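Asks: Structure provided below as structure tokens; questions to follow.
The values are calculated or read from the model by the stated rules, or taken from the named source; none is laboratory data. As the structure is a computational prediction, the values presented were derived from the model and not from experiment. A quick note on method: Cβ atoms are made from the backbone with ideal geometry, for glycine too, and the neighbour counts reach across all protein chains shown. To get the accessible areas, we keep the full protein, side chains included, count just its heavy atoms, and leave off ligands, DNA and RNA. Shrake-Rupley method; radii C 1.70, N 1.55, O 1.52, S 1.80 Å.
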Amino acid sequence: MTGPLAGIRVIDFGRFIAAPYCAMLFADFGADVIRVERREGGEDRTVGPVTESGEGGLFLTINRNKRGMTLNPAHHLSGEIVRRLVRGADIVVVNLPLDVMKKLRLDYDSLRAIREDIILVMASTFGPDGPYAGRLGFDGVAQAMSGSMSLTGFPGPPIRSIVSWADYGTALHAAFGAMTALYERRETGKGRLIDVSLLATGVTFMTPLLAERATTGIRREQKGNTSFYTAPGDVYRTRDGWVIVPTIGDQMFRRWARLLGREDLIDDPRCSDDLTRANNAGLINEAMSDWCSTSSRDDVITALERARIPCGPVYALDETLADPQVGARRLLEEVEYPGGSKAVPIAARPVRLSDTPESKLRRPPTLGEHTDEILTELGFAPAEISEFRAAGAV
């Protein structure tokens, strides 16, 4: 691998999103990332299958640029394999329950006994301590317990975001923590345990609303797409589709009012500042809806852009795939995968560094594709590798 992180090795014991996406970010910039899967494959491999062999879009996206091996870490023959993997690694990424980590000897104390300066990224739902430390959970649990679901959607049942933002946010925190530890290790020679959790991410992202509730007593309720803090800030129906218009600040509001020919609202006491406008969103949304209803989506967006008012079309998935900005910036890259009937579009690198050539993404590994290669690099002889296979250790 080439890139600014070439020479860094990451062992990815992750599943689903938080840990694998963290490891993927390292792989994208040249780290040698080894994904370790169960012999039968991980549960995340076949979520939302898009290939004839069953791999899902989630797996293909967050496991690109990695090598893959199979391993049963609970097998009595696997101990030496894990020791050699950790001995040659800089970072280990795990998102298993803490009791399982200890049982498999993948906890920080066990790994540090193998390599003193190892950096362990431990992602969990609730964290390794506190009353919920032993509970299991996924992204939706963190969304629910952060308070987010109680305020998402229109009045009615709580609504989960279709995007697993608690997972992806936790992965970003994890990668930042690991990079911080790598930087520190250059000076101190010491490793670190990086503790990240989905609930911590959820609470962090919801802090503005939590702070408001704790200090003002305001009790927010579901308002659909309507902003709590400013207006116009909603989605609006045009003649042939929907647009989103999020505004903030007096200057932007004045430009909006002039565009609609509603200068009377500029000095209206119900529109004196962002919060006042939000509290009178019905008045503003009515004006905006009337203005949008007789025009096409494209014409509405063109007019708003000319007035320097943020806006965007509400896309169906086909429109996102065909969007010219998505294409111009190559935000999606087609990757061929064994067993697929056609190339699969997966996200390109989300971070770009100046003066760093964009290399083509390497497809994710098939199940156990690099097992023999990795074991050979670890110094195991062919006969030993055959024994591991025969015994079911790999």
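Asks: Of 32, 12, 44, which residue is crowded, with 23+ Cβ neighbours inside 10 Å, touching a Lys or Arg at 6+ places or on another chain (Cβ under 8 Å) and acidic (Asp, Glu)? Let's see the steps before the verdict.
Replies: Numbers: 32 fails: crowded, with 23+ Cβ neighbours inside 10 Å; 44 fails: crowded, with 23+ Cβ neighbours inside 10 Å.
Answer to the check: 12.
Asks: Return yes or no: is residue 298 among the charged types (D, E, K, R), at pLDDT 95 or above, within 20 Å of residue 68 (Cβ to Cβ) and within 32 Å of the chain's Cα centre (by Cα)? So that I can check it myself, show each step before the final result.
Replies: Values: among the charged types (D, E, K, R): yes; at pLDDT 95 or above: yes; within 20 Å of residue 68 (Cβ to Cβ): no; within 32 Å of the chain's Cα centre (by Cα): yes.
For residue 298, the condition - among the charged types (D, E, K, R), at pLDDT 95 or above, within 20 Å of residue 68 (Cβ to Cβ) and within 32 Å of the chain's Cα centre (by Cα) - is not met.
Asks: Tell me, yes or no, whether region 47-54 has at least one residue that is open to solvent by 20 Å² or more (accessible area, probe 1.4 Å), in contact with an Asp or Glu (Cβ under 8 Å, 6 or more places away or on another chain) and among the hydrophobic types (A, V, I, L, M, F, W, C). Spell out how you get there, then give the answer.
Replies: To start, the set of residues in region 47-54 that are open to solvent by 20 Å² or more (accessible area, probe 1.4 Å) comprises 47-50, 52-53.
Filter once more, keeping what is in contact with an Asp or Glu (Cβ under 8 Å, 6 or more places away or on another chain): 49.
Now drop any that are not among the hydrophobic types (A, V, I, L, M, F, W, C), which leaves none.
Taking every residue of region 47-54 in turn, none turns out to be open to solvent by 20 Å² or more (accessible area, probe 1.4 Å), in contact with an Asp or Glu (Cβ under 8 Å, 6 or more places away or on another chain) and among the hydrophobic types (A, V, I, L, M, F, W, C).
Asks: Considering each residue of region 116-166, count those that are among the hydroxyl-bearing types (Ser, Thr, Tyr) and over 16 Å from the mean Cα position of the chain (by Cα), and give that number.
Replies: Quick first cut of region 116-166, residues among the hydroxyl-bearing types (Ser, Thr, Tyr) only: 124-125, 132, 146, 148, 150, 152, 161, 164.
Filter once more, keeping what is over 16 Å from the mean Cα position of the chain (by Cα): 132, 146, 148, 150, 152.
The qualifying residues number 5.
Asks: For region 124-145, which residues satisfy the criterion of being more than 15 Å from residue 196 (Cα to Cα) and either open to solvent by less than 30 Å² (accessible area, probe 1.4 Å) or assigned to a helix (DSSP H, G or I) (or both)?
Replies: Correct list: 140, 141, 143, 144, 145.
Asks: Restricting attention to region 311-364, and to residues there that are within 30 Å of residue 301 (Cα to Cα) and basic (Lys, Arg), which single residue is most open to solvent (accessible area, probe 1.4 Å)? Spell out the reasoning first.
Replies: Within region 311-364, the subset within 30 Å of residue 301 (Cα to Cα) is 311-334, 345-352.
Checking which are basic (Lys, Arg) leaves us with 329-330, 349, 352.
Numbers: 329: 114, 330: 138, 349: 20, 352: 87 Å².
Once the filter is applied, the top-ranked residue is 330.
Asks: Also, I was wondering about something else. Would you please name the residue that is least open to solvent (accessible area, probe 1.4 Å), looking only at residues in region 200-215 that are within 22 Å of residue 156 (Cα to Cα) and assigned to a helix (DSSP H, G or I)? Spell out how you get there, then give the answer.
Replies: Our first condition is that a residue be within 22 Å of residue 156 (Cα to Cα); within region 200-215, this holds for 202, 206, 209-210, 213.
Then keep just the ones that are assigned to a helix (DSSP H, G or I); that gives 202, 209-210, 213.
Values: 202: 0, 209: 39, 210: 75, 213: 100 Å².
Step by step, filter region 200-215, then rank; the result is 202.
Asks: Quick one: would you say residue 121 is under 17 Å from residue 10 (Cβ atoms), assigned to a helix (DSSP H, G or I) and either open to solvent by 10 Å² or more (accessible area, probe 1.4 Å) or not basic (Lys, Arg) (or both)?
Replies: Details: under 17 Å from residue 10 (Cβ atoms): yes; assigned to a helix (DSSP H, G or I): no; either open to solvent by 10 Å² or more (accessible area, probe 1.4 Å) or not basic (Lys, Arg) (or both): yes.
Answer is no for this residue.
Asks: Also: Give me a count of the residues in region 218-243 that are under 23 Å from residue 272 (Cα atoms) and either open to solvent by less than 80 Å² (accessible area, probe 1.4 Å) or at pLDDT below 95 (or both).
Replies: 13
Asks: Still on this structure, I have one more. Any chance you could count how many residues in region 381-394 are in contact (Cβ under 8 Å) with a residue 40 or more places away in the chain and of a type in the set (A, V, I, L, M, F, W, C)?
Replies: Going residue by residue through region 381-394, those that are in contact (Cβ under 8 Å) with a residue 40 or more places away in the chain are 387-388, 391-394.
Then keep just the ones that are of a type in the set (A, V, I, L, M, F, W, C); that gives 388, 391, 393-394.
Result for region 381-394: 4.
Asks: Okay, moving on. Can you list residue pairs whose Cβ atoms sit under 7 Å apart, with the first residue in region 45-60 being part of a loop (DSSP other than H, G, I, E, B) and the second being of a type in the set (S, T, N, Q)? Count only pairs 6 or more apart in sequence or on different chains.
Replies: Every condition considered, the pairs that remain are 52/341; 54/46; 55/46.
Asks: Tell me which residues, restricted to region 282-310, are of a type in the set (Val, Ile, Thr) and open to solvent by 50 Å² or more (accessible area, probe 1.4 Å).
Replies: Matches in region 282-310: 294, 302.
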